[in-house]
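See structure below.
The values are calculated or read from the model by the stated rules, or taken from the named source; none is laboratory data. Every value quoted in this text rests on a predicted model; they were computed, and no experiment measured them. Quick reminder, even Gly has a Cβ in these numbers, built from the backbone with ideal geometry, and neighbours come from all protein chains shown. The protein model used for the area step is the full one, side chains on, heavy atoms only, and it has no ligands, DNA or RNA in it. Shrake-Rupley method; radii C 1.70, N 1.55, O 1.52, S 1.80 Å.
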Amino acid sequence: MRETSFSFLLFLGLILLTLFGHCYGQLKVGFYEGKCGKNDVEKVIHEVVKKKITKDPDTVSDLVRLSFHDCFVRGCDGSILLDGANTEQKAPINLALGGFEVVKDIKEAIEKACPGVVSCTDVIVIGARSAISLAGGKWFEVETGRRDGVVSLKSEAQANIPPPTMPVSQAIQLFAKKGLNKDDFVVLLGGHTVGTSKCHSFKERLYNFRNTKKPDPTISSSLLPLLKKTCPLNSKIDNETFLDQTPNSHFKIDNAYYKQILAHNGVLEIDSNLASNPGTRGLVKGLAYNPNKFLNQFGPAMVKMARIGVLTGCHGEIRKTCSSVN
């Protein structure tokens with residue numbers, strides 16, 4: 001009897017040692033419920049985003065794009081927000097990113113309501129969801145409980161963010177490495193429906209496509225002169241244009257982007273190729289012809305992307321200021 005009791009106590013001790021020797025955490029919907037008194041974290045964030053969009057509709061594309069650029073480098077850990085001489089922000093592919101001030105203001109509002117609890121990474125994720133719903137997309141539940149990373153490297157951003165000239169097949173492979181399939185890839189690129197791009201990302205298509213000294217022949221005859229007007233050959237000004245050329249749809253989450261790229265009105269090379277590639281053209285058509293299909297799939301695709309390489313439990317930290325580690 002004594003031997004049995006001793007064995008049981010030893011077993012219990014080992015279990016307790018294991019539990020106290022590690023910390024556990026996982027993403028879940030409503031992670032912050034009950035952690036901030038009577039304050040609803042997601043509501044606080046939603047209200048700030050709503051005010052920001054009223055003042056600047058580009059807030060929608062800024063937050064959606066920020067989510068993508070964060071999650072594809074080191075996972076969704078807020079590393080894109082860290083400022084410094086050699087951080088992800090300084091990578092050429094990230095120089096046109098916006099939304100940092102929006103995240104800063106959201107974090108300040110959250111810290112007043114619930115200090116030291118909500119990560120900057122979750123601010124991006126929740127903020128992007130609010131922006132999508134406020135721009136006409138469907139509301140979807142987001143998983144929370146992420147913590148913030150402490151490393152941000154310019155070189156890693158340049159190596160992991162797909163450039164606008166990347167072939168579709170290579171982009172699909174890159175997404176697969178992040179746990180996202182071909183359908184996810186096509187749906188997530190639909191975020192370009194509220195996106196913008198600087199001239200440097202597509203100017204070569206207008207004047208010297210693949211060193212031919214001619215425009216990309218796949219650009220429609222109606223779009224080409226418009227893009228040339230925005231991006232003159234010898235201009236040193238890096239102007240900006242909408243990726244969805246549909247009038248009155250620039251700031252709306254809808255399927256107009258897919259209709260435009262099928263009509264050869266894709267601004268970026270990857271947009272045009274998405275519509276022409278045999279492996280993705282069918283998916284593009286399905287999203288273009290059925291508006292509810294994109295609206296139903298975009299939220300879940302964002303949720304899936306937001307699971308990439310997350311830090312939970314005792315990993316990472318909860319930053320006090322999003323632009324610097326504690």
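Being closer than 19 Å to ILE132 by Cβ, buried (at least 21 other Cβ atoms within 10 Å of the Cβ) and among the β-branched types (Val, Ile, Thr) is a condition met by no residue of region 284-299. For region 149-164, residues that are open to solvent by less than 10 Å² (accessible area, probe 1.4 Å) and touching a Ser or Thr at 6+ places or on another chain (Cβ under 7 Å) total 1.
Inside region 309-326, residues that are among the aliphatic types (A, V, I, L, M) and crowded, with 19+ Cβ neighbours inside 10 Å make up a count of 2. Residues in region 202-222: is at least one closer than 24 Å to ARG74 by Cβ and touching a Leu at 6+ places or on another chain (Cβ under 9 Å)? No, region 202-222 contains no residue that is closer than 24 Å to ARG74 by Cβ and touching a Leu at 6+ places or on another chain (Cβ under 9 Å).
Please enumerate the residues belonging to region 175-191 that are open to solvent by less than 40 Å² (accessible area, probe 1.4 Å) and in contact (Cβ under 8 Å) with a residue 24 or more places away in the chain.
Of everything in region 175-191, those that are open to solvent by less than 40 Å² (accessible area, probe 1.4 Å) and in contact (Cβ under 8 Å) with a residue 24 or more places away in the chain turn out to be LEU180, ASP184, PHE185, VAL186, VAL187, LEU188, LEU189, GLY190, GLY191.
For region 245-259, the criterion of being touching a strand residue (DSSP E or B) at 6+ places or on another chain (Cβ under 6 Å) and open to solvent by less than 50 Å² (accessible area, probe 1.4 Å) is satisfied by at least one residue. Entry remark, region 36-74: residues being touching a Cys at 6+ places or on another chain (Cβ under 9 Å) and at pLDDT 95 or above number 4 in total. The set of residues in region 131-148 that are among the basic types (Lys, Arg) and surrounded by fewer than 24 Cβ atoms within 10 Å (Cβ to Cβ) comprises LYS138, ARG147. Test THR280 against the criterion of being farther than 21 Å from MET302 by Cα and among the hydroxyl-bearing types (Ser, Thr, Tyr), and give yes or no. Criteria not met by THR280.
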